[in-house]
Ligand SMILES: [Zn+2]
């Protein structure tokens, strides 16, 4: 399980996240890739291989999106792979980049994630209707927001969680995003604003949901030898984890994300983390909906099952709290271009551990951070542990 | 509060494109038998894994846990309990539905699994997690071998059947 070679993150890049961007997907990939290379002081020439993460082809509307995006991701005449695990892609892509370098095959890897959801017209929700089993589920008319609503309801029911408690996550994350230069939905809102927003699909209300977005993110990974040559501040990838639960969601209990726990245990074991709440200084769990931040904090073993709402109420998860959660502003505040949103979280942990997060910097010199994404049909978890 | 204005993507210079592809999906080995029973006899079938002591509903050809092929078929209950549910007020494009739809995950009694389906013959404010429901089938003539042969699930009218195993 333990790799011989340590792998460092040495650069990061991120585009604006917006509902409709003029740039094509490959132009977005280029912007993020170039920024990541510049921040590492490297050029495309220095890159041995490229790993691209991007979600269903149906968003951009190109069957074979990986090929289409390859030049923007800097892959021209290089070893190139696209990885795809639904919403989990953004954190899985750097995991895949990690093994390219940890294995000894390559010394540097450019990891790029892109999504241009606005191409799907009139609304990307239409692309989501075809992610379900064509025979068992699609004839019933399932839709993505509805399946989240039933999961949220189950989670609230089992632990007796109130909507007011969940709304606090949306308030916090949209507030944190006020300090993020790329953010799409930064806002000063109140719990009442969330509770008074339109009920779309009970118990999901308008302000419980992240937006659809266009955007891209990138990271540069390097072997220990190369990292030490080019930077005094490498951030090490000390743990990676990923895994999937039953493809039949009727065979799972939706109140708890077991798939996140499996991925987290794999990553923590690799990183030697025995007591996650004590040893992790900052976390970016996947938050396409406000309840998912709480759900995923529990799956990441950052607290006991059902305890995340209480920690949120007590302010523990605020940027200046004992366990800052989503200091970036998360998907709720920064935006949700699926794969790029997951990688944005890894970028945030990188900047936090380097002390480069500016107004978003969590106090106390954080040394260990974790990012997580969630995908496929609600049963895929991907986790990465970074240390400075 | 500075929420982004929702713009029309056609405000940017653009080209309208279209990806048209239709599909013919086979039901598969397990699906064919499941839908035949659903259509002809209004029965819900499952497959049993003897190693794992589970009856899978919907039925499948293999066990995802022990990875053995499954060929023991069982007729299972048409009843189950509401694991969780939601009330949809909007359609897929965000437009308001005339009548809200209740979607529920139903765990079928005494098996491993169940269905996500609509609830009917019940007011949304009377739905509870844990309530017992039963499948309501279309008439024999209307059934065509699809998940829509079950019209919806409604609150169970009689006492629960005895455990099947
Ligand atoms: Zn088995």
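For region A:131-144, the set of residues classified as assigned to a helix (DSSP H, G or I) and facing chain B (nearest Cβ under 8 Å) consists of A:139, A:140, listed by residue number. Note on region B:10-27: residues that are facing chain A (nearest Cβ under 8 Å) and at pLDDT below 85 total 1. Test residue B:30 against the stated conditions and say whether it is part of a strand (DSSP E or B) and either within 16 Å of the ligand (Cβ to nearest atom) or modelled with pLDDT of 95 or more (or both). No: the conditions fail for residue B:30. For region A:53-67, a residue qualifies if it is surrounded by fewer than 20 Cβ atoms within 10 Å (Cβ to Cβ), in a helix (DSSP H, G or I), within 14 Å of another protein chain (Cβ to nearest Cβ) and at pLDDT 90 or above, but none of them does. Take the conditions (1) out of contact with any helix residue (DSSP H, G or I) (no Cβ under 7 Å at 6 or more places or on another chain); (2) under 25 Å from residue A:353 (Cβ atoms); residue A:276 misses just one of them, which is (1). Screening B:105, B:45 for residues that are surrounded by 20 or more Cβ atoms within 10 Å (Cβ to Cβ), more than 10 Å from chain A (Cβ to nearest Cβ) and not in a loop (DSSP other than H, G, I, E, B) leaves exactly one candidate, B:45.
Scan region B:108-128 for residues that are exposed (fewer than 14 other Cβ atoms within 10 Å of the Cβ) and farther than 23 Å from residue A:139 by Cα and jot them down.
Applying the first criterion (exposed (fewer than 14 other Cβ atoms within 10 Å of the Cβ)) to region B:108-128 yields B:121, B:123, B:125-126, B:128.
Within region B:108-128, B:123, B:125, B:126, B:128 qualify.
Look at (1) in a strand (DSSP E or B); (2) within 16 Å of the ligand (Cβ to nearest atom) and you find that residue B:86 fails only one, number (2).
Highlighted here are the helices (runs of 4 or more DSSP H) found entirely within region A:153-263 that include at least 2 residues which are within 23 Å of the chain's Cα centre (by Cα) and buried (at least 22 other Cβ atoms within 10 Å of the Cβ): A:163-176. Condition check for residue B:95 on (1) under 29 Å from residue A:331 (Cα atoms); (2) out of contact with any strand residue (DSSP E or B) (no Cβ under 7 Å at 6 or more places or on another chain); (3) at the interface with chain A (Cβ under 10 Å from one of its Cβ atoms): one failure, at (3).
In the set B:41, B:51, B:110, only one residue is at pLDDT 95 or above and within 16 Å of the ligand (Cβ to nearest atom); that residue is B:51.
For region B:59-83, give me the residue count where each residue is within 16 Å of the ligand (Cβ to nearest atom) and either at the interface with chain A (Cβ under 8 Å from one of its Cβ atoms) or assigned to a loop (DSSP other than H, G, I, E, B) (or both). The number of residues fulfilling the criteria is 11. Selection of first residues in region B:45-69 that are within 20 Å of residue B:117 (Cβ to Cβ) and without any contact (Cβ under 8 Å) to a residue 60 or more places away in the chain and of second residues that are near the ligand (Cβ under 7 Å from one of its atoms) and assigned to a loop (DSSP other than H, G, I, E, B), restricted to Cβ pairs under 8 Å at least 6 apart or on distinct chains, gives the following pairs, ordered by first then second residue: B:56/B:63.
If you scan region A:121-130, which residues turn out to be at the interface with chain B (Cβ under 9 Å from one of its Cβ atoms) and within 17 Å of residue A:211 (Cα to Cα)? Scanning region A:121-130 gives A:121, A:122, A:123, A:125, A:126, A:128. A Cβ distance below 8 Å, combined with a sequence gap of six or more or placement on separate chains, defines the contacts here; from region B:142-153, residues that are facing another protein chain (nearest Cβ under 10 Å) reach residues that are modelled with pLDDT under 95 and not in a loop (DSSP other than H, G, I, E, B) in the pairs B:146/A:139; B:147/A:139; B:147/A:140; B:148/A:139; B:148/A:140.
Would you pick out the residues in region A:16-25 that are within 22 Å of residue A:64 (Cβ to Cβ) and either without any contact (Cβ under 8 Å) to a residue 60 or more places away in the chain or in a loop (DSSP other than H, G, I, E, B) (or both)?
At the first step, the residues of region A:16-25 found to be within 22 Å of residue A:64 (Cβ to Cβ) are A:21, A:23-25.
Within region A:16-25, A:21, A:23, A:24 qualify.
The values are calculated or read from the model by the stated rules, or taken from the named source; none is laboratory data. It should be emphasised that the depicted structure is a prediction, and the values quoted were computed from it without experimental measurement. We place every Cβ from the backbone using ideal geometry, glycine too, and count neighbours over all the protein chains shown.
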